[in-house]
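This report concerns only the one structure given below.
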Amino acid sequence: MPIDSQTVKSGLRGVDDSDAQDPNRPASMHRCKSLLIDPRLGDAEDDVASTKSRSLVAIGGRLLAEISLPKLFVAWIMLIGLPAILLGLAPLIVLGWATTMPERVAAARAGFWSLLIAAGLVVLAWFGGRPLLRMAEQSFWSLNALAVQPIYALFREGLRHIGVKLVPDLGPRRRTQLYAAAAVGGGILASALSVWFVTMAWPLSRWVGDATDLMAPLQLIVPVLANAVVIVGCYVTIAALVWAFADGAMGRPADLMAFDEIRSGTRTWRVAHLSDLHMVGERYGFRIESGRTGPQGNGRAHRVFDRLDTIHAEQPLDLILITGDMTDAGRSAEWAEFLDAVAAHPSLAERVLILPGNHDVNVVDRANPARLELPTSPGKRLRQLRTLSAIEALHGDKVLCFDSETDRFGPSLTERLRPHRDEIEAFADRGGIRLSHRLAQVWDDAFPMILPPSADDGLGIVLLNSNAEAHFSFTNALGMVSVLQEQALRAAMEQYPRAGWIVALHHHLVEYPTPAKAFSERIGTALVNGSWFVRQLRPNAGRSIVFHGHRHTEWIGQCGGVRIVSASSPVMDRAENGQVSFFVHRLALDGGQMQLAAPERVMVSLRNGQERADQPHQADRTEPPASGSPDPEHRR
């Protein structure tokens, strides 16, 4: 989608909570008789999925009442049942074939031709079996992501949440011990549950197949599913304990107590970090999560970009990083609003990097959290391709895709999409399951996107897709970083061992130091394998910094030595004192180590629809206690 500044319309850009008496409102509105229900103010329908106005229990109750049970059953079969069948079928085929080998070898001794036939069978089994083993492996990791790691995370965070509620006044050291104990306890519970499942499934399992099974394939369903339970259960029995002790040893997140003093003359990069703009497609539109408690329209977002333009004119920015949720539900009108907002500032547009958030790709229906999509539905594919189209328009010729087969940088995103352009345009125009299936790999192959360093000791940026494969609006916020993306990230860093790196994703890696108010904050929005991902980042923690959004919370901290920067949302809550803010960060590379200076807080005034030109200032930081503890008892 080309960026054209001429497409930005003049006049009123959007309605904000500070614009209640907007003099630019059309005259016809002023002349109207007082309305019994004023449509400009919204109504209960705008709050139907708002977590600010309704509890998750209330939203869940509506979900259970309205969900399509037949569609839910089909979705479970496709997402869990089929991977389980493929995984459980693999040992029946492989072991069944292996048990016949001694007979074939004995027969082969009778002559050369028999030996040649046996060798041919071995070659056929090797090349034919590799796709089967690959499908079994993919099925294993699919089950692990959908059903295993979430259970461990549920136990771990549940024990942490209960512990903090029972003993809220623990000091930093005791709270760290509580977090470690909760991780170990969660691993033990997950492991014990797995042992129970394995014990129940083992009598029903069968591991060697024979030719007679082809005559009655339906009789294999129970042993095949039992096999899958045993395989996954045995893995989890050990893996959950490994995860638990690794999480316990990693320590809990802590506020970053000291920023780096960057030496004069050192090459620096100024990075403006925005996230969760949640652009809506209607002038009076509300956002899904905030409902009527938040602002209408896109007025705030436009003011943020105006403020950025002013800042950039005074002191140029090197990068504007927007870590996901550019739109509220991934609709075409919302993307058009976002792209028009960026196009109105050409000097900013060439510095913007974006990545997908859950609201960009995983929201099935903004008005109905009970809406469910089948995995074959073209709806999600369309949201993914809208996102790719926007990314490609903004920086498709700058970022490189990674070639997992060669472990090297591949083509640019623009070049990667070029062979598929006709099909993408046809799919956007007509939809259809067949085209959706053919384009499935396009999305996966695009990530991670990498902006390589301009020099060996420069700054590189890795853009990850951290969205889980959700087909249900109620679970749209869950995150997952795939093993393939992590491997590509590590390989990219190895190719530039002297460079510094920004690792950007949408979801938060860890829970913040301040306890969550609601358990749903720990589970419903989590990066399910966040602790694992932190452990993978630790070897390169000195030369990398993680930037993310998603939780709409401003925080700068560390976990396991990995520095983490979280951005708040300028649009999701009512402004305090008529202002919202964001951070501009200053980064440098010194002696092979990434340096992070104290950030500049940029204030954006919303009073009377006018921006006040406040000067950026150093963000307020609480001094560390006398003991030098790296863990203050508050979140910033």
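Please treat every number below as a calculation from the coordinates, not as lab data. Here the structure is a predicted model, which is why all the values come from computation and not from measurement. With ideal geometry, Cβ positions are generated from the backbone for all residues, glycine too; neighbour counts draw on all protein chains shown.
Considering only alpha-carbon pairs that sit under 8 angstrom and 6 or more positions apart, the relative contact order computed for the stretch 415-485 is 19 percent. Taking label positions 7 Å along the Cα-Cβ direction at both residue 347 and residue 601, the computed distance is 2.6 nm, reported to one decimal.
Placing R0 at 45 angstrom, the Cβ-Cβ distance between residue 199 and residue 365 gives a FRET efficiency of 0.65 after rounding to 0.05. Compared with the alpha-carbon gap, the fully stretched path from residue 35 to residue 444 is longer by 142.3 nm at 0.36 nm per residue. The charge dipole of the stretch 161-223, taken about its Cα centre with unit charges on the Cβ atoms of Lys, Arg (+1), Asp and Glu (-1) only, comes to about 540 debye. Could you tell me the calculated FRET efficiency between residue 162 and residue 577, based on Cβ-Cβ distance and R0 = 45 angstrom, to the nearest 0.05? Efficiency, rounded to the nearest 0.05: 0.75. For a test of the definition: using alpha carbon positions, the gyration tensor, and the 1.5 limit on a/c, classify the stretch 529-606 as rounded, prolate or oblate. Oblate, since a/c reaches 1.5 and b/c is not below a/b. In this simple spin-label approximation, residue 406 and residue 433 carry label points 7 Å from Cα along the Cα→Cβ vector, and these lie 3.7 nm apart. Here r is the Cβ-Cβ distance between residue 238 and residue 169 and R0 is 35 Å; the resulting FRET efficiency, rounded to 0.05, is 0.45.
Label-to-label distance, residue 457 versus residue 415, with points set 7 angstrom from Cα along the beta-carbon direction: 2.9 nm. The slack in the chain from residue 246 to residue 553, taken as 0.36 nm per residue of separation less the alpha-carbon distance, amounts to 107.9 nm.
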